Structures are given as C-alpha cells and as structure tokens.
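Visitor: Next up is a structure, given as structure tokens.
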Amino acid sequence: MARSILHIDLDAFFVSVEQALNPELKDKPVVVGGRPDKRGVVASASYEARGFGLHAGMPLATACRLCPQATFIEGSFPKYREASQRFMAILADFSPYLEPVGLDEAYLDATGFESIYGSIRQMAMDIKRRIKTELGLCASVGIASCKVVAKVASELSKPDGLLEVAAGKELSFLAPLPIAKLPGIGRKTEQILNSLGIDTIPKLSMMPLDALKSHFGASGELLHRYANGIDDRQVEPPAAAKSISRETTFGKDTRDRSLLSATLGYLSERVGATLRQRDRRACCVTLKLRYADFTTITRRHTLGQATDADQTIFNTGQKLLKQALSQERQPVRLIGIGVSNLVEPGRQLDMLDTSVQRLEQLNRAIDRIRNKYGFTAIQTGRTLLLKEIFPENESGYTLQTPSLSR
Ligand code: DCP
Ligand code: CA
C-alpha cells in the first residue's frame, strides 16, 4: 500500500509570529533579522516584502534599499521557540508518527488515516485550520507517498497552500520543475549539473547513477533517487531521552559530608533545570557513587508523585546518600544524580497541594532569572560551599568534569 506522508511547513515563520502578536504588522512588508543599519541579513521576509524582491539571506542594507517602507524587526528566539512547540503539539494530535525538522517544519505519516478524517486532504485542511485559529499562522502542506515529494509539494504550494500528489504521479509531478526545487540541490550542485547539461529533473533522473556518483560521491545516489521520486526514508519520531543525569569526580577523594551534599545540591539543580526545560517530570531518582577503589554503586528511589523540583530531587538524593555512606567507609571519588521514568506533566493531580504549586512557581522563577542572567545569578544555600572551592562563571561552576558546565 502506498504511504500517505504529509510535509507541513509554516509560511514566513519568524515574521508570521511577529504579525500574529502585533496585528498592525499584518499584510505589510515585514523583515525579521535586524534593523536596516545593522550588518546582518534577512532571516525571514513576509510575502508582501518578497513582492519587492526581498528574501532570506539578503543583506539588510539591500533589503532596505529595495523596500524602505518595510518594518525591520530584530526578532526574539524564545517567541519562535514557543510558537514552534505549540505547532508541534497540534501536529502530534493528528498522528503519533511525527518527525519535527527544525522549528517550523515536520513530516507526519498518516498512512491509513483516511477512515478517521474522511480523506488525507481533509486531515490536512483540519491541520491548517487549527494552526490558523490557535496560532494565527499559515501552514503549507504537501501530501505524497514519500518524504521528498511531499516536501517539494508543500514548497510549491506556498503560501497558505495544500498540494496532494497522487501515488504513481510522482514523476510527472516532478518533471516540469527546475532541478533546484529538489531538496539537497544547492547553488553549487546546480551549477555543476548545469555544466553537465542537466537543467531539468527528467534529465537528472535519466543520468547514469555511476556518473552522478563520480561527481557527487554518496549524495549522487540520493540525487538519483530523488529525481526519480523514490524515497523510502521513514517518518521517524525523535528518540525521547529516557533519563537525565549529571555527575562529577572530585579533585581529591572526600569524606566531607558538606562538600558531598553541596555538590549533590548543585547537580540536582542542573538535572531539575534540564527536566523543566524539556517539560518532563520524573518518577525515579538515582544516586551514583564511586568510591576510592573505583567500586561504583547506584541507589534508586521511586517517588510517590512525579516531580520536576530541584528540592525533591535533592532531598531524595540526600537520603540515599546518607544510607549509602552509613554502609561504606571509603572516601568518595565521584558523585552523580539522575532521574528516570520521565512522564509528561499532563493533568495536575496535585493542583490542590499548595506546597507543590509554590515549589513549581519558585523553580520557574529561578529558571527565568538564570536564563537571563546566568546560572550562578541565583545560588541556593545548599550549594554555597561550592563557591569557595570551584571557579564559577555565568553558566555555572566549573567542576572537575567539564561536561557539567552544561
Ligand atoms: N531562518 C533563519 N536563517 C535562515 C533560514 C531560516 O534564521 N538562513 C529562520 C527564519 C525562518 C525560519 O527559520 O522564518 C524558517 O525558515 P524557512 O526557510 O522555512 O523560511 P520561512 O518560514 O521564513 O519562509 P517560507 O514561507 O518560505 O517557509
Ligand atoms: Ca517555513
């Protein structure tokens, strides 16, 4: 059975987010990338601005010369990240087979979903409508039996488009297009192909595979397949991380409980921050210790309720640490803390528990400050001791293990 693959791509993404947030910018030439007196380039141009010849990658000064009446915006990444997350969440409602590509693009596998939505085309229209009403953004959608054709179709349908290529029609759909429309053919590849007399996709599809390989190496094979409308790549959901952990080795083996505890506190905050950043909660906390003789132990505790709070991670780790130290007399060489059995926040069973809520608010506030001013802008009592021992910079302490500066 032929597959039904959707490629969904938001139109003029950065600019459209700005327009959705500020209706005064609607239907006007708008550029995100910087003020026109800056040296940068256009990151995204509204379709109105494109009418004046503006496009991504063009120097801002040129853009300003071609279209002085455009509104030039610096842009702010957190806004786009948030819009992207909401976009992906809408898509995830339609199919679990979702492969995000960058911020504003994704593939969905909808094979066999006709019965749910009436038709795949209807499903695509539902997707577009939800993106429009909930985010105020336009998406263009390509539908085809494989990824590459779906992508070319969505691109060709822009803006606010919907284009379905029936199974079996892949080649005739691609035939009239210039080769540069094929993904993977950049300016340079195009020039080489042109110099070989190849300027259309049918000519490319008929070029002997060996010749393509000799010019482009391994990607020659890909070109050959794409030009023939062949692409068996699957829609692959990104592998979700199953656990998050941080650990460090001490400069000198130690029995110092306050140092162990302060380090555990710092590592717990690092783990908690990552957990919240990924919008996950953990059901299990694991302490890891390596003793002077390199014996390594892990001790694990399952929580009654999933958490993303530094405090809960630390308190659990601290209890496990006490137990472990009471059973072992050797000094500690390495300490680590990790969380696993990650779940999505989902419905709040603890809404009525104000202490949980307050902890949540506190941690979110700390995250905001740290994102803005650096990790050590706020330090908790439990980690203060580290200040005297480890060098710090705005992204945190430089512990023994460099990866911990993450
Ligand atoms: N982007 C960027 N720098 C680039 C290319 C893109 O910062 N060189 C950003 C700005 C875009 C976003 O990524 O808004 C998505 O890139 P697209 O290539 O999909 O371009 P647009 O979404 O802006 O326009 P289109 O409607 O053509 O998809
Ligand atoms: Ca886009």
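Readers should treat all values here as calculations from the given coordinates under stated rules, not as data from a laboratory. None of these values were measured; they are calculated from a predicted model. As a convention, Cβ positions derive from the backbone with ideal geometry for all residues, glycine included, and neighbour counts pool all protein chains shown.
Visitor: Which one is surrounded by the fewest Cβ atoms within 10 Å (Cβ to Cβ) among residues in the range 246-257 that are in contact with a Leu (Cβ under 6 Å, 6 or more places away or on another chain) and polar (S, T, N, Q)?
Guide: Thr249
Visitor: If you don't mind, another one. Kindly list, by first and then second residue, each pair from a residue in the range 73-102 that is in contact (Cβ under 8 Å) with a residue 40 or more places away in the chain to a residue that is among the charged types (D, E, K, R) and surrounded by 12 or more Cβ atoms within 10 Å (Cβ to Cβ), limited to pairs with Cβ atoms under 6 Å and residues at least 6 apart or on different chains.
Guide: Close Cβ pairs satisfying both conditions: Ile73/Glu18; Ile90/Arg130; Tyr97/Asp109.
Visitor: Please state which one of Val235, Val271 is buried (at least 20 other Cβ atoms within 10 Å of the Cβ), within 32 Å of the chain's Cα centre (by Cα) and not in a helix (DSSP H, G or I).
Guide: Unique residue meeting the criteria: Val235.
Visitor: Related question: Could you grab me the full set of residues in the range 24-63 that are touching an Asp or Glu at 6+ places or on another chain (Cβ under 9 Å), surrounded by fewer than 21 Cβ atoms within 10 Å (Cβ to Cβ) and of a type in the set (Ser, Thr, Tyr)?
Guide: If the condition is that a residue be touching an Asp or Glu at 6+ places or on another chain (Cβ under 9 Å), surrounded by fewer than 21 Cβ atoms within 10 Å (Cβ to Cβ) and of a type in the set (Ser, Thr, Tyr), then Tyr47 is the only one that fits.
Visitor: Sticking with this one: Taking the options Asp279, Asp293, name whichever one is in a loop (DSSP other than H, G, I, E, B), touching a residue at least 60 places away in the same chain (Cβ under 8 Å) and not β-branched (Val, Ile, Thr).
Guide: Being in a loop (DSSP other than H, G, I, E, B), touching a residue at least 60 places away in the same chain (Cβ under 8 Å) and not β-branched (Val, Ile, Thr) holds for just one of Asp279, Asp293, which is Asp279.
Visitor: Here is a further query. Suppose the filter is more than 16 Å from ligand 2 (Cβ to nearest atom) and either over 24 Å from the mean Cα position of the chain (by Cα) or small (Gly, Ala, Ser) (or both); does Arg50 pass it?
Guide: Answer is no for this residue.
Visitor: Can you tell me which of (1) in contact with a strand residue (DSSP E or B) (Cβ under 6 Å, 6 or more places away or on another chain); (2) surrounded by fewer than 20 Cβ atoms within 10 Å (Cβ to Cβ) is the one Thr263 doesn't meet?
Guide: Result: Thr263 fails condition (2) only.
Here is a yes/no grid of residues against (1) crowded, with 21+ Cβ neighbours inside 10 Å; (2) on the phi < 0 side of the Ramachandran plot; (3) within 14 Å of ligand 2 (Cβ to nearest atom); (4) within 20 Å of the chain's Cα centre (by Cα):
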| residue | (1), (2), (3), (4) |
| --- | --- |
| Ala106 | yes, yes, yes, yes |
| Ser115 | no, yes, no, no |
| Ala124 | yes, yes, no, no |
| Ser157 | no, yes, yes, no |
| Leu162 | no, yes, no, no |
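Visitor: Okay, next question. Taking the residues in the range 147-189 that are free of Cβ contacts under 8 Å to residues at least 24 places away in the same chain and within 15 Å of ligand 1 (Cβ to nearest atom) as candidates, determine which candidate is farthest from Glu236 (Cα to Cα).
Guide: Arg187
Visitor: On to the next question. For the range 18-126, which fully contained helices (runs of 4 or more DSSP H) count at least 1 residues that are in contact with a Ser or Thr (Cβ under 9 Å, 6 or more places away or on another chain) and under 30 Å from Ile5 (Cα atoms)?
Guide: 77-94, 114-117
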